[in-house]
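The values are calculated or read from the model by the stated rules, or taken from the named source; none is laboratory data. Owing to the predicted nature of the structure, the values given are computational and were not obtained by experimental measurement. Because the Cβ atoms are built from the backbone with ideal geometry, glycine has one as well, and the counts that use them run over all protein chains shown.
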Amino acid sequence: DVSDSAGAQTILAAIRKRWPWLKHLFADAGYDRTTLMDKAAFLDFVVEIVRRSDPKGFRVLPRRWVVERTFGWMIRWRRLVRDYERRLDVSEAMIHVAMGALLLRRVAHR
């Protein structure tokens, strides 16, 4: 029962601690909240809000739908379609295997 922007505020410090080199974050208009932007600026993040330019029709915008596209690639693996795993570390390992296989397939086709 937490909004996306409120949830993002709670994980910004954890992101900074885990990946200190990360500077630039992309978000859609749902994350354009003053308190979130203030906290991101305090933690030395640059948050770029990618907005829709034309509400009519479909147009691919830069850096939008990256997460959804990645989830789409992951669910091609049958085991990742549902939450079958009981342990979080096994689920994380399956995600690594799926994304590693995707990268290997792309490198092998070059």
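Some values worked out for this structure:
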{"read-out": "The lone exception for Phe45 - which of (1) modelled with pLDDT of 85 or more; (2) out of contact with any His (no Cβ under 9 Å at 6 or more places or on another chain); (3) hydrophobic (A, V, I, L, M, F, W, C) it fails", "value": "(2)"}
{"read-out": "Filter result (within 20 Å of Arg69 (Cβ to Cβ) and aliphatic (A, V, I, L, M)) within region 81-110", "value": "Val81, Met94, Ile95, Val97, Ala98, Met99, Ala101, Leu102, Leu103, Leu104, Val107"}
{"read-out": "Pairs where the first residue, in region 3-32, is without any contact (Cβ under 8 Å) to a residue 24 or more places away in the chain and the second is in a loop (DSSP other than H, G, I, E, B) and of a type in the set (D, E, K, R), C-beta under 8 Å, 6+ apart", "value": "Lys23/Asp44; Ala29/Arg51; Ala29/Arg52"}
{"read-out": "Pair list, Cβ < 9 Å and 6+ apart or interchain, from region 83-100 residues that are at negative phi to residues that are small (Gly, Ala, Ser)", "value": "Asp83/Ser91; Tyr84/Ser91; Glu85/Ser91; Glu85/Ala93"}
